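For reference, the structure discussed in these notes is given below.
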Amino acid sequence: MRILIAEDDFVSRAVLQEMLAPFGVCHSAVDGREAVAAFAAALDRGEPYDLVCLDIMMPGLDGQEALREIRRLEAQRGIGGRALVKVVMTTALDDAKNIMQAFMQGHCEGYLVKPIDRKRLRDELARLGLIPPGAAGG
């Protein structure tokens with residue numbers, strides 16, 4: 001699995017990368033602009049990401065805006081349906097407004113509230129069909 005983690009906080013980024021590394025190749029971005037650029041470059045190389053984890057609150061281009069840009073890039077390239085990247089929003093904000101905005105406007109597949117727990121992360125990956133249920137690792 002190819003994974004892109006967009007997180008402006010170094011510790012959060014490192015922890016998430018450590019948890020996801022057993023499941024595939026992890027790349028990281030420090031903000032939304034860098035994440036969109038990395039996503040586009042991966043598409044251009046023919047090596048699309050299977051999973052993108054986006055922090056909602058980042059400076060410059062936040063996670064909601066980055067998600068819209070990612071979906072726009074996919075639409076421009078005719079990517080749709082099951083070929084769309086799975087996007088999980090990560091946030092310290094456990095509020096319905098941000099969560100619903102990510103699902104309804106940005107078309108994300110899931111969200112995790114920080115601090116992220118290994119079991120919840122594995123459960124989310126399994127729910128998205130990215131790993132088998134009960135998979136070890138992370």
Open item on the list: Filter region 95-138 down to the residues that are closer than 16 Å to LEU67 by Cβ, modelled with pLDDT of 85 or more and small (Gly, Ala, Ser) and list them by number.
Closed with: GLY110
Open item on the list: If I ask for residues that are modelled with pLDDT under 90 and either among the small types (Gly, Ala, Ser) or closer than 14 Å to ALA40 by Cβ (or both), which ones from region 50-70 would you list?
Closed with: GLY60
Open item on the list: Checking VAL30 against (1) in contact with a Lys or Arg (Cβ under 8 Å, 6 or more places away or on another chain); (2) open to solvent by 20 Å² or more (accessible area, probe 1.4 Å); (3) closer than 24 Å to PRO132 by Cα; (4) modelled with pLDDT of 95 or more, only one condition comes out false. Which one?
Closed with: (3)
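The values are calculated or read from the model by the stated rules, or taken from the named source; none is laboratory data. Keep in mind the model is a prediction, meaning the values are calculated, not measured. Backbone-built Cβ (ideal geometry, glycine too); neighbour counts: all protein chains shown. We work out accessible area using only protein heavy atoms, side chains counted, and drop any ligands, DNA or RNA first. Shrake-Rupley method; radii C 1.70, N 1.55, O 1.52, S 1.80 Å.
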